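K.L.:
A single structure is presented below for examination.
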Amino acid sequence: MAYFDLTNRFWTWGCLAIAVFVAVQAGVVLSEVRDSQAALRQVSDVSSSLMLFDRSVRDLEQAPIENDRDWELLCNAAESRLNDVSTAAAGTGGSDEAIAGLAQSLASVRSAHDGLAARGRASSRDPHALTGAFAALVTAIDIELLRIRDMRLERLSTLESQQRWLFWLVLFACLMAIAAAVVAIRFQGEFSDRWRQHAATRQKDERYRMLVEHASDGIFIVDRNLVIVDANASGFTMLGAPPGELEGHSFRELIVAESSSAMLRCLHELKVGETAVTEGRLRRRDRSELIAEVSLKDLPDGSLQIVLRDVTARHMAEETRREAEETARRHQEALLRLGKLESHSIEGIQAALAETTEVVADAMGSSRIGVWLFDGVESKLRCADEFDRKARRHSSGIELDSQSYPDFFRSLTSSRIIDAHEAVRDSRTSDLAGSYLQPHGIASMLAAAVRSGGRVLGAVFIEHVGPARRWKAEEQSFASSVADLVSLTLEQWERIQAEQALRLSEKYFRSLIESATDIITIIDSGGLIRYTSPSIERIIGRTPDSLVGQSILDLVHDDDADVFRSLSNNAAASSGSSEGFEFRLITKSGAYRVLDATVNNLLDDPAVAGIVVNSRDITDRIAMERELAERVRLANFGLEVSFALTRSDSLATTLQRSADAMAEHLGGAFAGVWMRSPASDGILELQAAAGTHRALFPSQAQTAIGKSAIGAIAQERRPRLVDFASTSTSAEDREWAGRAGIVAFAGYPLIVEDRLVGVMAIFSPTPLSNTTLIAMASVADELALGIDHAHASDALRASEVRFRSIVTNALDGIITLDDQARIESYNDAARAIFGYEARDITGRPLEVLIPDLASDETVSAVANLRERAVGRVTEWEGRRNDGSAFPLEISLYEFEIPDGIYIAMSARDVSERREVDRMKSEFISTVSHELRTPLTSIRGSMSLLAAGVLGDLPPDASDVVHVAARNTERLVTLINDILDLDRLAQGKMELVLTAVQVNTIFRRSVEAVRAFAEQSGIAIKFEESPLRVTGDGDRLVQVVVNLLSNAVKFSPKGGAVRLVAFETDGMVEIQVVDRGRGVPKAFHETIFEPFHQVEGTDAREKGGTGLGLAISRAIIEQHQGSVGVTSEEGVGSTFWFRVPIVVDDQTEFAIVECSSVLVLSPDASARATITEILSISSLHSVSAATVEEAREALDQASISIIVLDASAPNLSAFSILNQLRSDGRLSSIPVVCIDDGVGPRLADERTVFAAAPINDDRLLTAIQRASATQGLGDILLVDDDEALLDVMQRQLQREGIASRTAVSGREALQLARSGTPGVLVLDIGLPEGDGYEVVEALRREPRLNRIPLLIYTGRDLSGFERHRLQLGPTRYLTKSKATNEDFRELVVGLLHNFDQSGTGREDTHHR
Amino acid sequence: MKILIIDDEADIRQIARLSLSRVGRMEVVEAGSGFEGVELAASESPDCILLDVMMPQMDGPTTLARLRSTAATANIPVIFLTAKAMTPEVKGLMETGAAGVLTKPFDPLTLADQVRQILRIS
């Protein structure tokens, strides 16, 4: 359809284009036709004009010419005609040569006519001559005209034929266009539908593409030849190739050879539209292999879609599990096979050992397996059989003796198993290295001792050749099981060997009768014993004599009696020896012994005449065989428990499997595992139970440690085997066991690193032997460890869940960041704050949430955070996902976990808090106003009344009014105090910090309380102090007044209060000491709290609001000081506070060499006055009485300004100034001239006049003005970051402001002194004198101490720090929060402000 | 000495009038609003104006600006009377060109003295 669209559109537009083209052509032709027709018309016009001309010429010829006038008329007529001809000819179009000819002819006619006219005037009026000449010319013109007309006509006919053609062409093209358009309109609806469908498809395609691109499966599109056409990102990642690199490669290359055939077959069998799933190995770019689930799909366009899912991890896990299962199965099979080995002969034992080594070698996959036996004594090991698995060859005979290998022998005899991972290095086997291990190339060795009854018989060596290998727990357990089996085999063999040896010797026959272990009994046909050999006594405990004559049937077990009955019955019939059979004999004690018997019917033999029963006690052998079977069972048990532990199931399942295994393999009617209760320490709890008697204990049954058999095991931490039949158990237990049908109990403690984790135990209806404990021992450690691990991981998981839930449910937003400061996790509270969903925000940079925290290119995101926010609480503007901004308090901290270092952020939306603060402040402000207004009226009224301004009152009325007035005062004070406290609490009280003389504080405070003190009869004493403190004088006075009034209030009448000040630890301590009633110790802290007085009634009795001390503390704390009280009840109190001291200038600011003010006055007292004023403002000065002295002073100090006192009588300021200005060095220094304002003043731009008498204000203002005359008015930029300096300088250039730069404190001071800057922009962290030092130094410079200052720093400054940094008008800008516009605006503002208002306005900032 | 008190609270005006006239021996003119105050200032030409800050309709600073814009009243010293005693507010008021600021509640016995002190008249 698309093709049709295109074709149709092409036809429509093509036809239209042709039609237009032809129409244009037709237009051209048409206009040409019109031109030609016009030309023809013109030609006919010319012809007619010519005829008229001809006629007028003829008229001329015939006209009677009377006079000149007639001639003239005729000539004019002819000329006018001629003109007509000319005009007409000009209109014929100038395209032809004919026209040229015509023009020429016309010109000739004109000249002829002109000539004729002239002649006519000369009275030669011969018209014929004229007409003759004209006729020829007219003819010529006529001919020309004819030629033109012919030419035009010919052209016209050509054009007309063309015009016809073109008309038809236009018509045809239009028809075609219309036809195409009709078709187009017909299909238009369909097109737009299709277009919408197309767009939707594209959108869908895009979605699919995204899906595919972001799928976790690798998706490949390949062509029929398996060449990769396209693949998604996961595909490339999976194969470790950069995107795009695989395209064009064959997919076949990626398939590992082994799995290629399967995959290719799968491909071949694939039918169109079907999906085939297979699994195969693929090779990554780095040659590593990938196991993938491959699904193939034949796409309709002939290509193939291959989807890869990485299942390597799953495969590996399965592989490991399968391997463990396989090992366990192999081991189990091997043990079962070995358990069945018979070894009744020497050959038998050799074969049994050979088979053992082979089976074990195959089961373990080890290179060499050997069974070594001690040669009699435990000093020499001899190899009984060694099997080399690779060569499939047995060998034997090598010997190892204990003297050469003492360590190895010691280890072998002392431990059950030696698991030497690196045998050559392992201390237990390193002995063997040189002579045994290395020659055989043995890397790892596992040796299990073969023991029997505490004796070591030998060992099973499992040796591994090649790279070292670790011995797994199940392999170790297997090895010891093998060793146990070998020991059993050996014991069995030893016994058999002994039997055979006896049987083979001659002595056998002799002792057969006398002392043989076999019993020979002769019974008669009636079954009565006629003879029995003495050995019977050993077996059944009865003497042969006592037995003779008794029936054999009385001695055998009832079940076996039939054999003997039949023996007697058939005695006659069957003679000769019989098959062997087993029977049981009753011993004297009532027990049975099993005997193996052969019967010889010798009734016919006269020598014997009886039936000879030759029997042998095989009870022990049977027991032995039973034990062997039990051991196999136990080995299986061990394996099963190991198996349960290797499965990564939950702890409960593992315990259940273990209990099941115990019940099944250890023969327990009840098997259980008890574990320490997590809730209470001394309690064991039954966690898993199995067996037929499962109801013996209820589930979760608890037992106290120390109580009962299980509790005792837990307490003693020793295994126990209890036979309930024996007397060692309590009667109670016996009774319980009897009731439950239990005969024996075995329990084993589960201990890990000295910690008891639980107890495993079985209760059995049959007797249990030590082997049960051995079996338990073999699994106890493993089980205990397994439980411990499971506990630990459970605990870890629980703790993780706990922390996760804390984080998730925390009220603060908690966000963790990765090493690029991108958001890694994000809790619910953070979602509530910022509005983003966790999935939308993770992975994005933090600046999405806090735009101001964006870092520039120079620092990494993390370093940026570390510098600006880590480790403290900071406030920023947060940005929600709807774009709204809000105040956000964050605290960032770094933490380290094994994964690496993370940054976490806890964030809190403080908009509400800000709002509350604002409302509180507003509320207090309002209340203050609303309360004050009525109070003003009340207080005023009371005060006027009380003072008698409105006339005297009666005494009673006056008293009452006084009471009211006094309480009004209290109310006013209370309101003021509350407001003060609120302002202090909010940090809104601005301190004006200066260096304050302690003396001044003392004097002002004492003055303030004097009246009150005198009234109370208290004397206030203080000592003069030279100390100065940094602080706000008014506020410090407020504090001292407060403390003094308290002291006065609580001092007894006639007492004294003392004020003391001294220096301590860089602070000044001021004490107010009284001898009052004292403050109880319990109140020492609380009295500084608002409304906390020692006694509740104090406020009313002693006056005061109860806020004084709280306010005092707040003020002192704002001074970075401390406040407190020491007191003894009844003796007095000392209230003290400490505020920072002002240290002597020279020592503190060593980097600054002060420049000085030169005081020039002939009058010593005037000099002293001026010097004092200067010193109050911390300005250094030198004095001079004459100009000469001034010059000398200049040699010794740097002088920045001269104060000239010209106010003294008889002194001319004019002359002194003249002297100064004429001196080279002094002439450039600004001068403040104090004069009476009467005499003539020297016009000098560097001189400022101040009127006498001088005072502080006038002098300092004049000094400032004078120093400004020397200023450069530029900006001094100080920062150690040169790049930033460059930026700032450029910013200022934009404003047309010049600037200088300095990178250190020292340089800043030098530059400032060399020319006073208009504004100083100062960083704080600077080399060679930081910002504080620079400000302090500048404060001491008379010319520089009022420079407008912009502190531009990365730090957030406290109120106190801000005060320390004040110079002239001072502004603060934090680098991280300020834009370039802020910076420019502030600098320009400061510069402007300074220019406009000079020094006056910001003076309150200063001293 | 003639003093104009502009305050919307009649009680305050009365106390201030009593205080200034009885204690300070000054001639007192009262106005209850900024508008009235501006008119009276022009007609009475007082030596000083005591101006409340918070008033309905036309507040203290606006009244001051109005006074400054008329030639006849432009140079009369104005002292603000405010219940807002916080430093920044007082500072702000000083910057509007007032001669001084007195805070409420004022002491009627010393009010006149304080006014004189601000005006530097002894």
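Every number here is computed from the coordinates shown, using simple stated rules; none is lab data. Small disclaimer: the values here were computed from a predicted structure and weren't measured. All Cβ positions, glycine included, derive from the backbone under ideal geometry; neighbour counts span all protein chains shown.
K.L.:
Indicate the gyration tensor shape class of segment A:1275-1405 (rounded, prolate or oblate), computed on the Cα atoms with a ≥ b ≥ c the square roots of the eigenvalues: a/c under 1.5 is rounded; otherwise a/b larger than b/c is prolate and the rest oblate.
P.N.:
Cα axes put segment A:1275-1405 in the rounded bin.
K.L.:
Compute the Kirkwood hydrodynamic radius of segment A:810-909, taking the inverse of the mean of 1/r over all pairs of distinct Cα atoms, and give it in Å to one decimal.
P.N.:
For segment A:810-909, the Kirkwood estimate is 13.3 Å.
K.L.:
What is the magnitude of the charge dipole of segment B:2-119 about its Cα centre, with +1 placed on the Cβ of each Lys and Arg, -1 on the Cβ of each Asp and Glu, and no other charges, expressed in debye to the nearest 20? Before the final figure, lay out each step's value.
P.N.:
Details: 11 positive and 16 negative charges, 61 e Å.
The calculated dipole for segment B:2-119 is roughly 300 debye.
K.L.:
Measure out, as a whole number of angstrom, how far apart the alpha-carbon centroids of segment A:875-931 and segment B:13-47 sit.
P.N.:
What the calculation gives is 50 Å, centre to centre.
K.L.:
Quick check: pseudo-label points 7 Å beyond the Cα along Cα→Cβ at A:VAL311 and A:ALA591, how many nm apart are they?
P.N.:
Each label point is offset 7 Å from its Cα along the Cβ direction, giving 6.2 nm.
K.L.:
Please identify every one of the trypsin sites (Lys or Arg not before Pro) in segment A:584-658 that sits in a loop by DSSP and has no more than 16 other beta carbons within 10 Å of its own beta carbon.
P.N.:
Numbers: sites: A:ARG584, A:LYS588, A:ARG593, A:ARG616, A:ARG621, A:ARG626, A:ARG631, A:ARG633, A:ARG647, A:ARG657; in loops: A:LYS588, A:ARG647.
Loop-located and lightly packed - A:LYS588, A:ARG647.
K.L.:
Give or take rounding to whole Å, what are the principal axis extents of the alpha carbon atoms in segment A:518-617, in descending order?
P.N.:
The principal-axis extents, from largest down, are 36, 25, 20 Å.
K.L.:
May I ask you to order B:38-44, A:143-149 by the average number of other C-beta atoms within 10 Å around their residues, highest value first?
P.N.:
A:143-149, B:38-44
K.L.:
Give, in nm to one decimal, the length gained when the segment between A:ALA38 and A:LYS204 is fully stretched (0.36 nm per residue of separation minus the Cα-Cα distance).
P.N.:
52.9 nm
K.L.:
For the peptides A:481-490, B:6-15, A:797-806, A:304-313, what is the packing order when you average, over each peptide's residues, the other Cβ atoms within 10 Å and list the highest mean first?
P.N.:
Averaged packing, sorted descending, gives the order A:481-490, B:6-15, A:304-313, A:797-806.
K.L.:
Along its principal axes, what span do the Cα atoms of segment A:325-501 show, with the longest given first and each in whole Å?
P.N.:
The principal-axis extents, from largest down, are 45, 41, 30 Å.
K.L.:
Moving on to the next point. With point charges of +1 on the Cβ of Lys and Arg and -1 on the Cβ of Asp and Glu, referenced to the Cα centre of segment A:914-989, which listed residue (A:SER928, A:THR973, A:ILE938) lies farthest in the positive direction of the dipole?
P.N.:
Result: A:SER928, furthest along the dipole toward the positive end.
K.L.:
Using alpha carbons only, what's the Rg to Rh ratio of segment A:643-800 with Rh from Kirkwood?
P.N.:
Reported Rg/Rh (Cα atoms, Kirkwood Rh): 0.96.
K.L.:
For segment A:741-889, what is the largest minus smallest coordinate of the Cα atoms on each principal axis, given in angstrom and ordered from greatest to least?
P.N.:
The Cα atoms of segment A:741-889 stretch 82, 32, 24 Å along their principal axes.
K.L.:
Going by how many other beta carbons lie within 10 Å of each one, how would you line up B:MET94, A:MET445, fewest first?
P.N.:
Numbers: B:MET94 15, A:MET445 27.
Starting with the residue having the fewest Cβ neighbours, the order is B:MET94, A:MET445.
K.L.:
Take peptide A:934-947, look around each residue's Cβ out to 10 angstrom, count Cβ atoms belonging to other protein chains, and average those counts.
P.N.:
The shielding value for this peptide is 6.
K.L.:
Average partner chain C-beta neighbours within 10 Å, per residue of B:100-111?
P.N.:
Mean inter-chain Cβ contacts per residue within 10 Å come to 5.
K.L.:
With labels modelled as points extended 7 Å from the Cα through the Cβ direction, what inter-label distance (nm, one decimal) is found for A:LEU950 paired with A:ASP681?
P.N.:
It works out to 8.1 nm between the two label points.
K.L.:
How high is the relative contact order of chain B, in percent, counting Cα pairs under 8 Å that sit 6 or more residues apart?
P.N.:
About 25 percent, as a whole number.
K.L.:
Test of understanding: what is the full-extension gain from A:ALA695 to A:ARG265, defined as 0.36 nm times their sequence separation minus their Cα-Cα distance?
P.N.:
Computed gain between A:ALA695 and A:ARG265 is 148.9 nm.
K.L.:
Where a ≥ b ≥ c are the square roots of the eigenvalues of the C-alpha gyration tensor, would you call chain B rounded, which needs a/c under 1.5, or, failing that, prolate if a/b is larger than b/c, or oblate?
P.N.:
rounded
K.L.:
At a threshold of 8 angstrom on Cα-Cα distance, excluding pairs fewer than six apart, so keeping six or more, what relative contact order does segment A:643-800 reach in percent?
P.N.:
Once divided by the residue count of segment A:643-800, the mean separation gives 21 percent.
K.L.:
Enter the mean number of other protein chain beta carbons within 10 Å of the beta carbon of each residue in B:15-28, as an integer.
P.N.:
2
K.L.:
Here's a follow-up. Nothing charged except the Cβ atoms of Lys and Arg (+1) and of Asp and Glu (-1): what's the magnitude of the dipole of segment A:1302-1390 about its Cα centre? Round to the nearest 20 debye.
P.N.:
In total the dipole reaches around 260 debye.
K.L.:
Rank-order A:551-558, A:1039-1046 by packing density, defined as the average count of other C-beta atoms within 10 Å over each peptide's residues, highest first. All intermediate terms of the calculation are to be shown ahead of the outcome.
P.N.:
Working: A:551-558: 16.5, A:1039-1046: 25.0.
Highest mean packing first, the order is A:1039-1046, A:551-558.
K.L.:
Follow-up question, since we're still on this one. Lys/Arg Cβ at +1, Asp/Glu Cβ at -1, dipole of segment A:325-501 taken about the Cα centre: which of A:VAL482, A:SER452, A:THR327 is farthest positive-ward?
P.N.:
Toward the positive end, the furthest listed residue is A:THR327.
K.L.:
Taking the Cβ-Cβ separation of A:ARG621 and A:GLU318 as r and a Förster radius of 41 Å, what is the calculated FRET efficiency to the nearest 0.05?
P.N.:
Step by step, r from the Cβ atoms, then E = 0.30.
K.L.:
Now a separate question. Taking 25 Å as the cut-off for C-alpha to C-alpha distance, list the pairs among A:LYS1049/B:LYS104; A:LYS920/B:LYS104; A:LYS380/A:LYS472 that go past it.
P.N.:
Exceeds cut-off: A:LYS1049/B:LYS104; A:LYS380/A:LYS472.
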